[in-house]
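Down below is the structure, laid out as C-alpha cells.
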Amino acid sequence: MTTPGEQTEDLLRRLAPRVLGAVVRRYGHFDTAEDAVQEALLAAAGRWPRDGLPDNPLGWLVTVAGRRLTDLLRAEQARRNREDVAGRRVLAEWRLAPAADLSAAGADDTLILLFLCCHPALPPASQIALTLRAVGGLTTAQIARAFLVPEATMTRRITRAKQRIRDSGVPFGMPASADRAARLRAVLHVLYLVFTEGYAGETWPLREDLTTEAIRLARVVHRLLPDDGEAAGLLALMLLTEARRAARTAPDGTPIPMAEQDRALWDAARIAEGVALVDAALSRGAPGPYQIQAAIAALHDEAPSAEATDWPQIAALYAVLSGMSDNPVTALNHAVAVAMSRGPRAGLDLLGGLEGDERLARDHRLPAVRAHLLELAGERAAAREAYLAAARRAASLPRRRYLNARAARLDDDP
C-alpha cells in the first residue's frame, strides 16, 4: 500500500510537465519558469501529504509557480536595475490572467510543451535533450545514455540550449504550419527516446511511467495528425514493444532474451492494435524509420515461436533502416538478424565494422552481441570473454548479473 507521500510524488511526476507547459506557454521565460515550477513542486511535496490534496492540484501548482515566476522576474529586473517593456507586460498579464484557464481548447499542455521545447533557435540534438529534461523528467545521466555521450557533454548541451533560448529573443509558441513538419520530427524523436529509457534503460526497476506517458503522448499526436505515417508508426512501435514487457525480465530484473520469453505473457490487445496501425501506415507508401521499426516489431510479435520468426525479412528491413540513418544500434540489430538468417559468422563479419565506432566505446551492447554470436558459432572461450567484457560495461546490476551468468554457463564443458 502506497503512503500519502508516495501518492503525492506520483501525482507530481505526472503533473509536472503540464504545469511547466501551462506556465511557459502563457508567460515564456522557459529557464525561469522551470525554476518556478520546481519550487512549486517542492512546496506541494511538503504540504499535500500533510494537508491533503487541493480541489484542483493542477491549478494550485500553476498558481504557485506563476507567483514564484513573478518574484523571480522581479528579482532579475532589480538586479539589472531596469524594467523593460517585455517584463512589465509579462507581470501585468500574470495579474490579469485567470488561474482556471490552464490550456487552450482541447489542447494538451504536455504536447504543447513538446513543441515549445523544439525551439527554432536550437539544433535538433539540443531540442531533444531539452525536451527530455523538461517533459520526460529524465536526469542528465539518463539523457546522456540515450544519446550515447558522456554525462558532462550532455550537461553542457542542456546548459547551452537554455542560454541560446534566452539569447535568441524568439518567444516560445506553437510553430506555424510551414514549420510544423520539421518540429514534429523532433517531437517524435523525443517521444521515442523517452519510451526507450522507460523500456530499456539501465535503471531498475524500469520506469513504466515513462513508457505510459510516451504512449499517451504518441496517441495524442496520432489523434491530431491521423494522416502522418510516422506518427502512426511510432505509436505502433511503442505498442508492439510494450506488449512484451511482462515477459522480458525475471522478478529480480534479470533480462530474458526474446527467444526464451513466455509468449503467453505478451499483450495480445496491444499487438493487434500495433499491427493494425503499422499495416495502415505502410499502405500509404514511402515509409519512414518508425514505420520500418514497427514492421520489424510486428514480425517478432506475430511469430508463434522464436524458431518461426521470419529472420530474412527482418534482416532486409534492418538493411533498409540502416540506409536511412547512421545508427550503431541499428547496425548491431542488423548483424543479429543476418546471423539468425545466414549464420553467426555472417553476423560477426558485420560487427567488425563497428569496432572503431566511438559511440559504442563505453556501451555494453557491442561485446554482448559479439558474445551471443560467438556462442552460436561454438566459440565458447571467446564468447565467455566477450560476455565478461560486456558485464564490465553494463550500468545496471540486473544486466551485469545476466551477462556474468551467461559467461559462467560457458565455464562448463559442452
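Odds and ends about this structure:
- Candidates Asp55, Asp209, Asp179: whichever shows maximal mean-square fluctuation once the chain is modelled as a Gaussian network with Cα springs under 10 Å: Asp55
- In a fully extended conformation the segment linking Ala272 and Asp310 would gain 11.9 nm over its present Cα-Cα distance, using 0.36 nm per residue.
- Extension gain, Ser283 to Asp227: 0.36 nm times the residue separation minus the Cα-Cα distance gives 19.0 nm.
- Alpha-carbon geometry of segment 159-305: the Rg and the Dmax are 17.3, 56 Å, given in that order.
- Förster radius 22 Å - calculated FRET efficiency between Ser325 and Ala200 (Cβ-Cβ, nearest 0.05): 0.75
- Size of segment 308-373: Rg and Dmax of its alpha carbons, in Å, are 11.3, 35.
- Between segment 294-312 and segment 215-235, the alpha-carbon center distance in angstrom: 23
- Residues in segment 116-121 carry Karplus couplings, in order, of 5, 6, 7, 7, x, 7 Hz; the curve used is 6.51 cos²θ - 1.76 cosθ + 1.60 with θ = phi - 60°, and Gly or Pro positions show x.
- In the elastic network of the chain, a GNM with C-alpha springs shorter than 10 Å, the most mobile of Ser396, Ser177, Ser168 is Ser177.
- For Thr249, residues with placed amide H under 5 Å, excluding near neighbours: Ile256
- Base-10 log of normalised Debye intensity for the chain (one unit scatterer per alpha-carbon) at q = 0.14 Å⁻¹: -1.33
- Theoretical FRET efficiency, 1/(1+(r/R0)^6), r = Cβ-Cβ of Thr159 and Ala381, R0 41 Å, to 0.05: 0.30
- Max mean-square fluctuation residue, GNM over the chain, Cα-Cα springs under 10 Å, options Val19, Val278, Val329: Val329
- On the basis of the beta-carbon distance and an R0 of 45 Å, Arg67 and Thr3 show a calculated FRET efficiency of 0.95.
- Against the main long axis of the alpha-carbon atoms of the chain, helix 30-51 sits at an angle near 90°.
- Protection proxy ranking, highest mean first, for peptides 136-148, 186-198, 316-328: 186-198, 136-148, 316-328, where packing is the per-residue count of other beta-carbon atoms within 10 Å, averaged.
- One decimal place: the segment Met258-Ala181 gains 24.2 nm when fully extended, by the rule 0.36 nm per residue minus the C-alpha distance.
- For segment 224-238, backbone phi angles converted through the Karplus equation (6.51, -1.76, 1.60; θ = phi - 60°) give residue-by-residue couplings of 6, 10, x, 8, 7, x, 6, 4, 5, x, 5, 4, 4, 4, 4 Hz, Gly and Pro being listed as x.
Bear in mind that the values in this text are calculations on the coordinates, not laboratory data. The shown structure was predicted, so the numbers you read here are calculated from the model rather than taken from an experiment. Glycine gets a Cβ as well: all are built from the backbone with ideal geometry, and neighbour counts include every protein chain shown.
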